[in-house]
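The values are calculated or read from the model by the stated rules, or taken from the named source; none is laboratory data. Small disclaimer: the values here were computed from a predicted structure and weren't measured. All Cβ positions, glycine included, derive from the backbone under ideal geometry; neighbour counts span all protein chains shown.
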């Protein structure tokens with residue numbers, strides 16, 4: 001079974017500067033990765049620096065076990081670092097183990113936003129950069145309006161977008177513009193949800 005679609009949307013480049021207000025005030029965002037009602041891993045963002053010069057560290061660790069015999073059916077580990085200055089991407093580095101298949105990305109300054117999903121501005125773009133393999137992805141976005149969603153800390157109001165094309169994700173951003181939830185179908189048809197802690 002392949003669930004590589006889990007993080008295919010972690011790398012987009014942005015043609016315009018990022019709004020500094022879109023950086024989470026807490027300095028981090030953490031999610032449980034849920035599939036078929038079970039917690040199969042973690043996804044997180046850590047922000048450091050100032051609003052004009054900062055870095056974003058993205059980590060994903062997913063392990064899917066075969067029921068009963070508990071053997072690992074799928075393993076995905078991803079780490080990336082984005083370096084930003086004055087709202088523009090200066091550098092993107094990532095390393096990924098996609099169920100035994102390694103990937104590395106090491107790129108310099110770019111006008112394309114990484115599809116790491118944390119920045120709500122990605123729904124305004126038509127091209128994103130995949131952080132797993134470094135390829136460009138053409139996307140389109142639909143706005144479904146405000147909805148109430150559940151996080152580990154309670155219910156929040158969030159804007160629901162659906163992006164499709166080279167990357168397919170349902171994304172919810174709260175009133176601060178922070179990523180609140182992610183949902184998508186894996187290769188086997190199961191639904192994977194990122195639930196914010």
Do the conditions hold for residue 105, that is, is it under 19 Å from residue 193 (Cβ atoms), surrounded by 16 or more Cβ atoms within 10 Å (Cβ to Cβ) and modelled with pLDDT of 95 or more?
-> no
Tell me, please, whether a residue that is touching a residue at least 60 places away in the same chain (Cβ under 8 Å), over 12 Å from the mean Cα position of the chain (by Cα) and either surrounded by fewer than 20 Cβ atoms within 10 Å (Cβ to Cβ) or assigned to a loop (DSSP other than H, G, I, E, B) (or both) can be found in segment 151-163.
-> yes
Residues that are assigned to a loop (DSSP other than H, G, I, E, B) and either surrounded by 15 or more Cβ atoms within 10 Å (Cβ to Cβ) or out of contact with any strand residue (DSSP E or B) (no Cβ under 8 Å at 6 or more places or on another chain) (or both), drawn from segment 37-69 = 37, 50, 51, 67, 68, 69
If you go through segment 108-127 one residue at a time, do you hit one that is crowded, with 16+ Cβ neighbours inside 10 Å and without any contact (Cβ under 8 Å) to a residue 40 or more places away in the chain?
-> no
Of the candidates 145, 177, the one satisfying the condition of being in contact (Cβ under 8 Å) with a residue 60 or more places away in the chain and either in a loop (DSSP other than H, G, I, E, B) or surrounded by fewer than 19 Cβ atoms within 10 Å (Cβ to Cβ) (or both) is 177
Subset of segment 165-197 (residues that are within 16 Å of residue 43 (Cβ to Cβ) and more than 14 Å from the chain's Cα centre (by Cα)) = 186, 191, 197
